[in-house]
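Notes for the one structure printed next.
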Amino acid sequence: MGDMRTPLGRVRGLGSAKSGTEHFWRIRLTAIALAPLSLFVIGWVLSLRGSSLEEIRASIAHPFVALMLALFLIAALDHMRLGMQIIIEDYAHNEANKLVLLILNTFFTIAVGVLSIFALLKLTFGG
């Protein structure tokens, strides 16, 4: 009972893509990282309620806050990309459409990440 592939799969040499376990663990690790980071971000935002723009900028300029926000952005965007990848792979049945959607998913995540980190750095260091 060693080989669980179909006869056609054995002939074609088809089998595991060898990336499912990594994908599984990566999405779970980003979810675990997002739990405390989200609590920090929510608490930080609530603590700024009623603050002036200068007080908010001063808070973002603090190195610990800036680092936590950057980690939150990176983890959230990676988690989002991985989740959308699963949805695309499961529900896009046309291979050409699937490829285009996966590429757009990656480019969208990179664009949002670059813009978000740029905005965070601009607020952190002034400008």
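Descriptive notes on the structure:
- Odd one out for Asp78, checked against (1) part of a loop (DSSP other than H, G, I, E, B); (2) within 16 Å of the chain's Cα centre (by Cα); (3) not aliphatic (A, V, I, L, M): (1)
- Filtering Leu101, Leu71 for residues that are crowded, with 16+ Cβ neighbours inside 10 Å, at pLDDT 95 or above, farther than 30 Å from Glu55 by Cβ and not acidic (Asp, Glu) leaves a single hit, Leu101.
- For region 104-127, the set of residues classified as farther than 17 Å from Met68 by Cα, aromatic (Phe, Trp, Tyr) and either surrounded by 11 or more Cβ atoms within 10 Å (Cβ to Cβ) or in contact (Cβ under 8 Å) with a residue 40 or more places away in the chain (or both) consists of Phe108 only.
- Taken as a whole, the structure places His93 among residues that are out of contact with any Asp or Glu (no Cβ under 8 Å at 6 or more places or on another chain) and without any contact (Cβ under 8 Å) to a residue 24 or more places away in the chain.
- Residues in region 17-49 that are in a helix (DSSP H, G or I) and among the small types (Gly, Ala, Ser): Gly20, Ala31, Ala33, Ala35, Ser38, Gly43, Ser47.
- Some residue of region 87-94 being among the aliphatic types (A, V, I, L, M) and surrounded by 16 or more Cβ atoms within 10 Å (Cβ to Cβ): yes
- Selection within region 12-55: residues that are among the polar types (S, T, N, Q) and loosely packed, with under 10 Cβ neighbours inside 10 Å. The member of this set that is modelled with the lowest pLDDT is Ser16.
The values are calculated or read from the model by the stated rules, or taken from the named source; none is laboratory data. Being a predicted model, the structure only gives us computed values, none of them experimental. As a convention, Cβ positions derive from the backbone with ideal geometry for all residues, glycine included, and neighbour counts pool all protein chains shown.
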